[in-house]
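Down below is the structure, laid out as structure tokens.
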Amino acid sequence: MNKNIILYAALLIFGLAAPFIFPAFKVQLSILCVLIVLALTWNIQGGEMGYNTFGNILFYGLGMYLCASVQVGMFFPLAEWTESGGEKTFVHTPTQFFQGMAMGLIVAAVIPTIVAGLIGYSILGLRGHYFAICTLGLGVAAGEISGGIEIIGAGQGFTTPPFPDVGSLEARGEFFYFLSFMAVVLTFITVKSIYSTRFKLILNAIRDNEDKAEAMGIQTMKYKIIGWMISAFFCGLAGGIMGGLVGYIDSTDVAFDGREMGVFMVLMAILGGKGTLWGPVIGATVFHIFKEGFWTFFLGWQYVALGVLIVVIVIYFPEGIMGWLREKYPERFGEVVDEADRKAQVELK
Amino acid sequence: MKINKIILSFISALALLLSTSVTSFAKVVGDKIILGSAISLTGKYSSNGVHTQNGYNMAVDRINSMGGVKVGGKTYKFEIIYYDDESNPKRAAQLAERLISQDGVEFMLGPYSSGLTKAIAPVTEKYGVPMVEANGASRSLFTKGYKYLFAVLAPANLYLDVAIDLAVEKNGGKPVKIAQAFEQDAFSQDVRLGILEAAERTGSKIIIDDKLPKELNDMAATLAKVKAVKPDVLVVSGHTKGALTAIRQIAEMKVDVPMLAMTHCDAAKLSKQHGKNSEYALCASQWHKTLTYKDKFFGDGMKYAADFEKEFKYDPPYQAAESSAALLVFKDAFERANSFDKKKVRDALAATNMQTFYGNIKFAPGGQNVDKPMVLFQVMCNADGSKCENKVVAPTKWASAKLIHPIPSWSER
């Protein structure tokens, strides 16, 4: 237990100090935080519950648009802000900006949660591939629909309010870093605490055999919906932060970016080890570093490298990094291994 | 819980990695002025991204070999750091941040497309980094009050409104029926605005107003409607893919329309790729090689086109020409500012008033180039259709051929 506290304290200190130790990397670190949130929440469905969703991007995009709309709409007429051709320009004062952002983030988290509840009620009855395909459609449809809604900029995109001038160039980076770091901490604590309850066991039961779980008297539908709502809450939050961080929202390329973010969140969770608490965190970190590295040093080849990475993961680490470690050093994971058992295993191989 | 150890060591490794990978260039190293640019080398804008990059590179080589940039009595050479923005605005904004805060770049060249420029502009603005961009034409870029953004091109709403005027003129001054289809992106939607305004001005009616998806490969539904309602003008805009898709399907479906107005015909190499099928398409262009502007680096348009062809093996689309012009603007501004101070360079840029092979360049307070009109060219082929060329038909000052109107029907072609 002691060691745990040391670890968490070290992580927290590292997280808080990071933007000052690596001032030039604030944006990348903020994005890393967002990626971790997405991977952690995807893991609730994909890892613990066995429902491979491609639909979490819906909540992320929704949160992004909502946060920016609220932030603008609270103080200025939104339709004029996003009018094609952008004839009018409004400037947020610092107070307006931060108030708007706070309110925007609340809305960005709450509305997707409600949407998840409603959609979940209608489609969580689907299983396996059917669920995956259906959620894939959700993200694509949302992208196309939002690209036609004039009040949020339609195909023109939506420029989020510029960060107000508070005297320091570094302020924007620091603000968004700490916002996203807080989101990670909040998500991690929530996920960790629900994983230590019966809730996680129910999710696992659904994954392992949903019919049996139902036969045991578990209202699987209820838990599936709650699980998805939790994911939606944090995805929406992450989306809201990301919108402000990027500064420009485009319907299919930034908000409902199923092709990139939607796939990345799955990939990160699998890379780190789905169905574990730390897997998505490690997966997201390794993935981000890998991608940034290739981006810099092998310009134009990053997607080829990504493809190779996916192949390597699937062939050599089907259980992800955590799964691989667990198999290799089970005792470090607190599992008691009988020497005779291990020998028997080796012989079997 | 030994796992903690693993995680801790993992984190320290990460910290080590991050701290060693800071590579900082400065804006000016030795005799080099380092410019930064995020370019679409992959993704849906990759072909135009490459045109842009080729344009930049060509101008860098030319300026460097012709004496470089003289600032404070010393000669400097241009160098560009490129990153691939994957045609994604999110990535573009990150890369701009990275170029400025990690690589120490203090002068930026624009990316390809309005959407990506819209994503980058807030970043360059925040750091007060002057950006000369050559491929972001959306009007909304110039109404945001950006002080460090300069575009060598005319805004997107001016691309095709001339075509509507032409159609009205050919219709005996009477209003026309317009069918239009635009990709859902910042640039094309702005072209649409221009058409809406032209329609209102001329009293014309818009009878089809479709939106096309990004990554567009099929617009048969729109064309079926066009076949049914017979408009006087069909306007299509959707970057390179839009132009290629439109021509391919219009030919396949034998859609007859008196006037077909488009964008990106030259970037899509329409006349080469589709030959006779693309004949009579009317295209908006920022530049054409037959225009008579001049400068001392590239001579005139014809010479630029010949040099470009020699180096890159294809006829330069206007995207390449305007990108080259961006470098000329930067060189001129550095020399007039006689300093590498960002603010001074910005002020010098704002005072730009010059002629390049690509056209006159003078910036309005919003940052757009107000001194260079758009041209319209029409794809015209010789009798047997073996050779097709783009010929300027409007405005009359530069016209090298007469507009063919109406387009002969497919049964006669």
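The values are calculated or read from the model by the stated rules, or taken from the named source; none is laboratory data. In this text, all values refer to a predicted model and were calculated from it rather than measured experimentally. Heads up, the Cβs are rebuilt from the backbone with ideal geometry, glycines too, and the neighbour counts pull from every protein chain shown.
Only one entry of B:Thr42, B:Thr75, B:Thr23 meets the criterion of being at negative phi, surrounded by fewer than 16 Cβ atoms within 10 Å (Cβ to Cβ) and at pLDDT below 90, and that entry is B:Thr23. When region B:121-139 is filtered for residues that are within 12 Å of chain A (Cβ to nearest Cβ) and over 15 Å from the mean Cα position of the chain (by Cα), the ones remaining, listed by number, are B:Ala121, B:Pro122, B:Val123, B:Thr124, B:Glu125, B:Lys126, B:Tyr127, B:Gly128, B:Val129. Consider region A:144-159 and keep the residues that are at the interface with another protein chain (Cβ under 7 Å from one of its Cβ atoms), in contact (Cβ under 8 Å) with a residue 12 or more places away in the chain and part of a loop (DSSP other than H, G, I, E, B). The one that is farthest from B:Leu141 (Cα to Cα) is A:Gly147.
Put simply, of B:Ala243, B:Ala221 the only residue that is under 26 Å from A:Gln156 (Cβ atoms), without any contact (Cβ under 8 Å) to a residue 12 or more places away in the chain and of a type in the set (A, V, I, L, M, F, W, C) is B:Ala221. For region B:71-108, a residue qualifies if it is outside any helix (DSSP H, G or I), within 8 Å of another protein chain (Cβ to nearest Cβ), under 19 Å from B:Ile33 (Cα atoms) and not polar (S, T, N, Q), and the qualifying residues are B:Tyr82, B:Tyr83.
In region A:19-31, the residues that are touching a residue at least 40 places away in the same chain (Cβ under 8 Å) reach residues that are in a helix (DSSP H, G or I) and of a type in the set (Ser, Thr, Tyr) with C-beta atoms within less than 6 angstrom, at least six apart or across chains, in these pairs: A:Pro19/A:Tyr177; A:Lys26/A:Tyr177; A:Leu29/A:Tyr177; A:Ser30/A:Tyr177; A:Ser30/A:Ser180.
Summed over region B:170-200, the residues that are assigned to a helix (DSSP H, G or I), without any contact (Cβ under 8 Å) to a residue 40 or more places away in the chain and over 16 Å from B:Leu234 (Cα atoms) give a count of 1. The one condition from (1) part of a loop (DSSP other than H, G, I, E, B); (2) surrounded by 15 or more Cβ atoms within 10 Å (Cβ to Cβ) that B:Val379 does not meet is (1).
Quick grid of which residues meet (1) within 14 Å of chain A (Cβ to nearest Cβ); (2) under 23 Å from the mean Cα position of the chain (by Cα):
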{"residue": "B:Ser188", "(1), (2)": "yes, yes"}
{"residue": "B:Lys205", "(1), (2)": "no, no"}
{"residue": "B:Thr245", "(1), (2)": "no, yes"}
{"residue": "B:Met253", "(1), (2)": "no, no"}
{"residue": "B:Ala261", "(1), (2)": "no, yes"}
{"residue": "B:Ser278", "(1), (2)": "no, yes"}
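Only one entry in B:Ala154, B:Ala167, B:Ala163 is under 29 Å from B:Gly136 (Cβ atoms), assigned to a loop (DSSP other than H, G, I, E, B) and in contact (Cβ under 8 Å) with a residue 60 or more places away in the chain, namely B:Ala154. Looking across region A:334-345, the residues that are closer than 29 Å to A:Ile282 by Cα and either loosely packed, with under 10 Cβ neighbours inside 10 Å or modelled with pLDDT of 75 or more (or both) come down to A:Gly334, A:Glu335, A:Val336, A:Asp338. Under the condition of being within 10 Å of another protein chain (Cβ to nearest Cβ), in contact (Cβ under 8 Å) with a residue 60 or more places away in the chain and aromatic (Phe, Trp, Tyr), the residues counted in region A:262-314 number 0. Could you say whether any residue in region B:384-401 is in contact (Cβ under 8 Å) with a residue 24 or more places away in the chain, of a type outside the set (S, T, N, Q), buried (at least 18 other Cβ atoms within 10 Å of the Cβ) and assigned to a loop (DSSP other than H, G, I, E, B)? No.
Restricting A:Gly148, A:Gly153, A:Gly128, A:Gly117 to those that are modelled with pLDDT of 90 or more and not basic (Lys, Arg) reduces the list to A:Gly117. Condition check: among the aromatic types (Phe, Trp, Tyr), surrounded by 22 or more Cβ atoms within 10 Å (Cβ to Cβ) and within 20 Å of B:Gly43 (Cβ to Cβ). Does A:Phe264 satisfy that? Judged against the criteria, A:Phe264 is a match. Answer yes or no as to whether A:Phe97 is surrounded by 16 or more Cβ atoms within 10 Å (Cβ to Cβ), over 20 Å from A:Val37 (Cβ atoms) and either among the hydrophobic types (A, V, I, L, M, F, W, C) or free of Cβ contacts under 8 Å to residues at least 40 places away in the same chain (or both). Yes. Applying the condition of being among the aromatic types (Phe, Trp, Tyr) and in a helix (DSSP H, G or I) to region A:213-256 and asking which residue is nearest to the other protein chains (Cβ to nearest Cβ) yields A:Phe234. Can we say A:Val166 is under 24 Å from A:Gly244 (Cβ atoms) and part of a helix (DSSP H, G or I)? So A:Val166 does not fit the description; no. Across region A:2-16, a minimum of one residue is classified as within 14 Å of chain B (Cβ to nearest Cβ) and polar (S, T, N, Q). For region A:318-330, enumerate the residues that are assigned to a helix (DSSP H, G or I) and either surrounded by 10 or more Cβ atoms within 10 Å (Cβ to Cβ) or modelled with pLDDT of 85 or more (or both). Matches in region A:318-330: A:Gly320, A:Ile321, A:Met322, A:Gly323, A:Trp324, A:Leu325, A:Arg326, A:Glu327, A:Pro330. Inside region B:141-179, can you point out the residues that are out of contact with any Asp or Glu (no Cβ under 6 Å at 6 or more places or on another chain) and within 14 Å of chain A (Cβ to nearest Cβ)? Those that are out of contact with any Asp or Glu (no Cβ under 6 Å at 6 or more places or on another chain) and within 14 Å of chain A (Cβ to nearest Cβ): B:Leu141, B:Phe142, B:Lys144, B:Gly145, B:Lys147, B:Leu149, B:Pro155, B:Leu158, B:Tyr159, B:Asp161. Only one of the numbered conditions (1) among the hydrophobic types (A, V, I, L, M, F, W, C); (2) away from chain B (no Cβ under 13 Å); (3) part of a loop (DSSP other than H, G, I, E, B); (4) exposed (fewer than 15 other Cβ atoms within 10 Å of the Cβ) is not met by A:Phe75, and that is (4).
Restricting attention to region B:214-230, the residues being touching a helix residue (DSSP H, G or I) at 6+ places or on another chain (Cβ under 9 Å) and in a loop (DSSP other than H, G, I, E, B) number 6.
State yes or no: is A:Ile44 of a type in the set (A, V, I, L, M), away from every other protein chain (no Cβ under 14 Å) and closer than 30 Å to A:Phe14 by Cβ? When the stated conditions are applied, A:Ile44 passes them. Among residues of region B:337-363 that are on the phi > 0 side of the Ramachandran plot and crowded, with 21+ Cβ neighbours inside 10 Å, those with a Cβ under 8 angstrom from a residue that is hydrophobic (A, V, I, L, M, F, W, C) and assigned to a helix (DSSP H, G or I), sequence gap 6+ or separate chain, pair up as B:Gly359/B:Ala325. Entry remark, region A:169-188: residues being within 11 Å of chain B (Cβ to nearest Cβ), part of a helix (DSSP H, G or I) and either surrounded by fewer than 20 Cβ atoms within 10 Å (Cβ to Cβ) or free of Cβ contacts under 8 Å to residues at least 12 places away in the same chain (or both) number 2 in total.
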